[in-house]
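The values are calculated or read from the model by the stated rules, or taken from the named source; none is laboratory data. Quick caveat: nothing in here was measured; it's all calculated off a predicted structure. Here Cβ is always computed from backbone atoms with ideal geometry, including for glycine, and neighbour counts include all displayed protein chains. With ligands, DNA and RNA removed, areas are computed over all heavy atoms of the protein, side chains included. Shrake-Rupley method; radii C 1.70, N 1.55, O 1.52, S 1.80 Å.
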Amino acid sequence: MTEPTASPAVPLLEAVAVTRYFEDGQVTALKDVSLQIDSGDYVALVGKSGSGKSTLLNLLGGLDHPTSGAIRYRGKDLSEFGDPAQFRSSELGFVFQSFHLISVLTAEQNVQMPMFESSLRAPERRERAAELLERVGLTHRARHLPQQLSVGERQRVAIARALANRPSLLLADEPTGNLDSSTAESIFALFDSLHADGMTLLLITHDPLLSERARRTWTLRDGRLGEADDDAKPESA
Amino acid sequence: MWFLTVIFANLRGRPARSLLTLSGIAVAVAAVVSLLGVVRGFERSLLELHQGRGVDVMVQQAGRLQMTSSVLRESIGETISAVNGVVAVHPSLIEVLSLIQDDLMGVVVQGWSPDSGPVQKLKLLDGALFSGPEAREVIVGQRLASALGVAVGGTVELLEGEPFRVVGVFESGNVFDSGSMFVPLRSLQRLMFREGEVTMFAVVAERRDPESLRDLAARIRLGVDGKVEAEPADDLARRSTEIRVARSFAWLTSVIAVTIGSIGMLNTMMMAVFERTREIAMLRALGWRRRRVIAMILGEATLLSVAGAAIGVLASILFVRFLASLPASGRLVSGDLPVAAMGQGVLLALLLGLIGGLYPAWSAARLTPVEGLRHD
Ligand SMILES: Nc1ncnc2c1ncn2[C@@H]1O[C@H](COP(=O)(O)OP(=O)(O)OP(=O)(O)O)[C@@H](O)[C@H]1O
Ligand SMILES: [Mg+2]
């Protein structure tokens with residue numbers, strides 16, 4: 001995983017004056033958003049429903065293209081990456097609100113899915129999946145199908161899957177939106193420990209408990225970004 | 001985990017649909033393989049028919065579509081014998097009689113002179129050859145004998161009130177032969193009021209290479225004033241109307257089977273893609289390239305096809321064996337399938353998988369991850 005740097009010359013990921021319209025300009029989802037994420041950051045993105053959080057996350061993750069403005073990864077414009085899929089595969093991990101596990105595959109097999117785009121061979125894939133399941137505390141559940149797991153366990157599997165190809169940045173869109181508060185708490189703890197290991201995280205959340213745990217909080221209002229940066233917080237770990 | 005495991009799990013995870021698609025393909029393959037197989041068997045039988053009798057060139061009336069409707073004067077035989085390169089000429093009268101009730105095909109009755117090559121070459125399983133040129137006797141092919149339920153010593157009524165005695169039963173690897181009967185030429189001519197008439201002449205040639213046979217056929221045509229058609233037996237068999245009709249029928253059926261099969265496959269794979277829109281979008285978000293999505297969907301279609309092909313070929317082998325064992329169809333169908341027909345069936349199934357899987361695979365790959373993830 002990437003070493004956090006005190007004041008990096010080039011940010012890990014940056015948005016420059018990004019605007020995104022939908023429906024031929026009738027819907028303004030994002031307006032002139034600029035931001036930077038550095039290696040080792042732990043950012044919570046909050047805002048009311050419809051404020052543009054998912055739109056921003058999708059743009060940052062190369063799933064969507066801005067109407068104007070630029071997204072840069074380590075200083076390089078995302079449009080310069082030949083295949084955005086390849087960029088996502090090697091650099092990013094995604095976690096979704098509704099897990100999106102494949103119902104016919106076991107936990108261990110779900111975790112292996114992104115690895116088909118890596119250079120790992122079958123035995124190495126299995127080994128790596130076992131490591132990851134151990135990391136999220138689910139070794140004993142490796143051979144279970146998603147419907148045999150609790151919702152909290154499913155999200156852990158999804159997080160393990162997001163880490164499959166050793167990404168440098170984890171993007172999560174309301175990862176605890178479908179979980180009760182105590183289950184959500186254990187997922188927060190997992191994110192904390194990933195951060196402690198050096199992972200960079202950007203999480204969309206409605207949950208004030210999670211936004212409090214993050215090092216920085218960004219708030220979107222009608223597509224505009226206002227940073228409620230909390231640099232005063234002591235760096236843990 | 002192998003990529004194949006994913007493909008397999010996706011199919012196994014929707015067992016009802018996978019099995020239905022698989023059986024659709026199996027039926028299409030079985031239909032095509034059985035039909036092509038039977039037609040091929042037909043063709044082979046017709047070709048071998050003449051080879052087995054040592055007949056090289058066939059002479060029949062010019063301009064007749066079907067051999068059985070050809071009529072020639074028996075006396076032409078002498079003119080043919082005089083042609084250079086002819087070793088022997090055997091006249092034959094062929095009638096198709098309805099001996100079995102409700103039989104659509106009729107039974108082929110071949111009149112040959114008892115001392116002719118084709119009669120002398122019969123492989124008798126039981127009984128003996130004809131006692132004389134005008135004997136009211138028949139020698140019955142094995143398959144026909146079992147269809148008619150007769151044996152040596154029994155009688156067969158060729159026409160009502162015209163009993164002929166069964167003196168022999170012969171064996172032939174050829175379904176046509178084995179489903180027919182031999183009668184002395186004179187007796188058949190008398191019975192049918194066709195004295196002096198024959199259907200064709202079977203010519204035995206001195207030189208048997210295709211080139212010489214075509215030359216000989218041309219000389220015979222000239223020698224008899226162009227009123228006859230003379231052709232090497234192999235060419236004739238290959239061109240016969242029966243074979244051409246059967247062949248085009250088989251192809252027509254195949255086209256229908258391909259159409260129905262690929263629509264079934266298209267439907268299944270389209271459903272599979274539609275149902276899994278979010279799943280596929282998620283895989284794309286996790287870094288799967290388009291071509292991997294295509295590989296997964298096409299892989300599923302191909303796996304279904306291959307399994308369907310295996311079952312279909314197996315079913316057609318059993319089906320054709322079954323047809324051959326029935327008295328009614330056994331006279332026409334030899335029980336084994338040519339490998340080529342099976343190969344064509346497998347090819348067909350792969351084609352079905354490709355046609356039915358390509359569009360769904362393409363539309364799955366085209367999906368942008370954001371659209372797919374918003375799909376609920
Ligand atoms: N593909 C699209 N087509 C049209 N409008 C869209 C599209 N995607 C987003 N929008 C609109 O853009 C705005 C921002 O949407 P977005 O999904 O980013 O909000 P959000 O902050 O994630 O909301 P929530 O908390 O409900 O998930 C909304 O008004 C939404 O309707
Ligand atoms: Mg959202």
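Structure above, values below:
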read-out	value
Pairwise label distance in nanometres, residue B:84 with residue B:259, each label 7 Å out on the Cα-Cβ vector	5.6
For residues of A:113-121, the mean tally of beta carbons on other chains within 10 Å	4
Gaussian network model of chain A, Cα within-10 Å springs - most flexible of A:24, A:207, A:41	A:24
Whole-Hz ³J(HN,Hα) from phi, Karplus 6.51 cos²θ - 1.76 cosθ + 1.60, for segment B:364-370, glycine and proline x	5, 6, 6, 3, 7, x, 5
Dipole of chain A [Lys/Arg +1, Asp/Glu -1 at C-beta], most positive-end residue of A:75, A:54, A:218	A:54
Beta bridges per DSSP with both ends in chain A, % antiparallel, nearest 5	50
Estimated distance in nm for a label pair at residue A:127 and residue B:73, the labels positioned 7 Å out from Cα along Cα-to-Cβ	9.5
Whole-number accessible area per residue in Å² for the protein assembly as shown, which is evaluated in the context of all protein chains at 1.4 Å	46
Dimensionless Rg over Rh [segment B:93-203; C-alpha; Kirkwood]	0.92
Relative packing of A:179-187, B:342-350, which averages over residues the other C-beta atoms within 10 Å, highest first	B:342-350, A:179-187
Residues of segment A:46-74 buried by at least 30 Å² on assembly (accessible area, 1.4 Å probe, chain alone as reference)	A:63
With all protein chains modelled, accessible area of residue B:22 [1.4 Å, Å²]	30
Whole-Å semi-axes of the protein assembly as shown's equivalent ellipsoid (Cα gyration tensor)	84, 23, 18
Rg/Rg_ref, segment A:171-212, where Rg_ref = 2.2 N^0.38 Å and atoms are Cα	1.07
Size of the A/B contact, given as accessible area buried on both chains, probe 1.4 Å, in Å²	2300
Accessible area of chain B belonging to carbon and sulfur atoms, whole % at 1.4 Å probe	61
Segment A:204-222 versus segment B:130-171: alpha-carbon centroid distance in Å	99
Relative contact order (%) - criterion: Cα under 8 Å, at least six apart; region: chain A	28
Residue of A:130, A:158, A:44 that the Gaussian network model of chain A assigns the largest fluctuation, springs spanning Cα pairs under 10 Å	A:130
Test item: Cα-centred dipole of segment A:13-228, Lys/Arg +1 and Asp/Glu -1 on Cβ, debye	280
√(5λ) per eigenvalue of the Cα gyration tensor, segment A:13-228, largest first, Å	29, 20, 15
Normalised contact order of chain B, rounded percent, pairs of Cα under 8 Å and 6 or more residues apart	28
List of segment B:1-49 residues, accessible area with partners at least 50 Å² below that of the chain alone (1.4 Å probe)	B:1
